[in-house]
Amino acid sequence: MSFITNEYEFFIQRLLPQFITATLCGLIIGYGREKRHKPAGIRTLILICVGCTLYSSLGFYLAEKNVNIDPTRIIGQIATGIGFLGAGAIVKSDKKVTGVTTAAFIWAVSGISILIGSNMYIIPIVLTILLVIVTWLFEFIEKKVHSDHIETE
């Protein structure tokens, strides 16, 4: 019976705050992408963020319970899986390559969620805000550069 209590406490004390934080971070980053009609929007980034948080949190939890478990192996597998997912977002057609930014967002969100699963909260929230600001800023700069380039031709 105590295992159920531990499981319940693990969910309420650790997973629930992590899932809420992961959902909010995925939502904030995904909203910006969704608003610009980009792939990997709100739902995708929330699912990635919550999923990576779950796996990394479980790895750290199991390591606390058993000394022979290495949570970095789980994180390494997350990185491998996310790399595969991100690579699938990159498409080359004719002379144009698309999806690199989408792959980078998937990669960045997985890193943020691993931090959340490591029981960190401030750093992932700050990174989420910075990611949104930097993305918005550079999109503005790119549009300015491209419009200047078109005007000079």
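Worth a mention:
- Straight Cα distances below 29 angstrom link residue 92 to the lysines 35, 38, 143, 144, with same-chain residues fewer than 8 positions distant left out.
- Order of 55, 8 under a 10 Å beta carbon neighbour criterion, fewest first: 8, 55
- The C-alpha atoms of the chain define a longest principal axis, and helix 71-89 lies at about 30 degrees to it.
- Judged by the ratio a/c of the largest to the smallest principal axis of the C-alpha gyration tensor, the range 46-153 counts as oblate, that ratio being 1.5 or greater while a/b is no larger than b/c.
- Contact order, relative form, for the chain: 24 percent (alpha carbon pairs under 8 Å, 6 or more residues apart, mean separation divided by residue count).
- Cα-based helix-to-principal-axis angle, 100-117 vs the chain, degrees rounded to 10: 20 degrees
Read-outs throughout are calculated quantities, based only on the coordinates presented, and are distinct from any laboratory measurement. Please read these numbers as outputs of a predicted model, since none were measured by experiment. We place every Cβ from the backbone using ideal geometry, glycine too, and count neighbours over all the protein chains shown.
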